[in-house]
Amino acid sequence: MDATSPTPHIARMVRPTWVWGGICLAASAVPGLLWQAIAPLGVTAVVAFVADALWCAALVLFAIGRDSVVARRIGCTIVLCALAGWPLLVRVVAPMIPLLNAPVDRDNEDAKAIVWISLQLVPVVLAVIAVVLVWRAAAIPRIYRFMPLIALVLCVVPPLGQYAAGGILLSMDTSALFAYGALMLVCRTVALIGLGVVAIVAGLQPRATAPVPVYSSSGD
């Protein structure tokens, strides 16, 4: 007589989507660090495009990859993909907007500032929505779920402070303005590299899949 009995077997595997997404996200911060060094070479536009492309690749992976951070929910995926592609879209569309390329004068100064600030605020709004959706999707472990919020704060608060204190900043000397610009760069770099490293670490953590029954037989 043969008897079979299921034996629980736990398979462990990593999340390659998070690993590659984290690598692209961390790499997207590197061009910002090289900006001052490459500016005299006249290749800043190319490097900026590479940074935006890496950012886009990272968020698209997080959105639609096998281990999607939003569980591939339609609305969440659309928001993340929009946030991913916004920098590239602005880089292509902005040169086509006559107002942004016109010389600044008293007649168009306010309108030009409004258009430019609007272009900068759209990704902020998308990022806030994305952070909320990632948290609500609960597709990532709770221990890592607050990391996008920290990265968002680091990326958003210094630039918003710049706009809020515009008059104060204008009264600063050149060294103070340079220091504030450096602070914004450091905050953004720490946010992107930090979140990328966290994604890589989380992706390399082994996880337990559903038990797979393994049958054994015995005969008398």
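The values are calculated or read from the model by the stated rules, or taken from the named source; none is laboratory data. Quick caveat: nothing in here was measured; it's all calculated off a predicted structure. FYI the Cβ positions are ideal-geometry reconstructions off the backbone, even for glycines, and counts take in every protein chain you see. For the accessible areas, the whole protein counts, side chains as well, though only heavy atoms, and no ligand, DNA or RNA atoms are used. Shrake-Rupley method; radii C 1.70, N 1.55, O 1.52, S 1.80 Å.
Things worth noting here:
- Here the range 40-95 has 78 percent of its accessible surface on carbon and sulfur atoms, given a 1.4 Å probe and all protein chains in place.
- Estimated FRET transfer efficiency when R0 is 30 angstrom, pair Val132-Ile64 (beta carbons, to 0.05): 0.95
- Summed side-chain charge close to Ala63 - residues other than Ala63 whose Cβ falls under 15 Å, Lys, Arg +1, Asp, Glu -1: +4
- Across Trp18, Trp86, the residue with the most accessible area heads the list, and the full order at a 1.4 Å probe is Trp86, Trp18.
- Figure note: Ser68, Ser118, Ser175 ranked by solvent-accessible area, largest first, 1.4 Å probe, ligands and nucleic acids not counted: Ser175, Ser118, Ser68.
- Packing-based order for 50-63, 137-150, 181-194, using average beta carbon neighbours within 10 Å, highest first: 50-63, 181-194, 137-150
- Stretch gain in nm, segment Ala111-Phe146, where the contour uses 0.36 nm per residue and the Cα spacing is subtracted: 8.9 nm
- Segment Arg72..Gln120, full-extension length gain: 14.6 nm, with 0.36 nm per residue of separation and the alpha-carbon distance subtracted.
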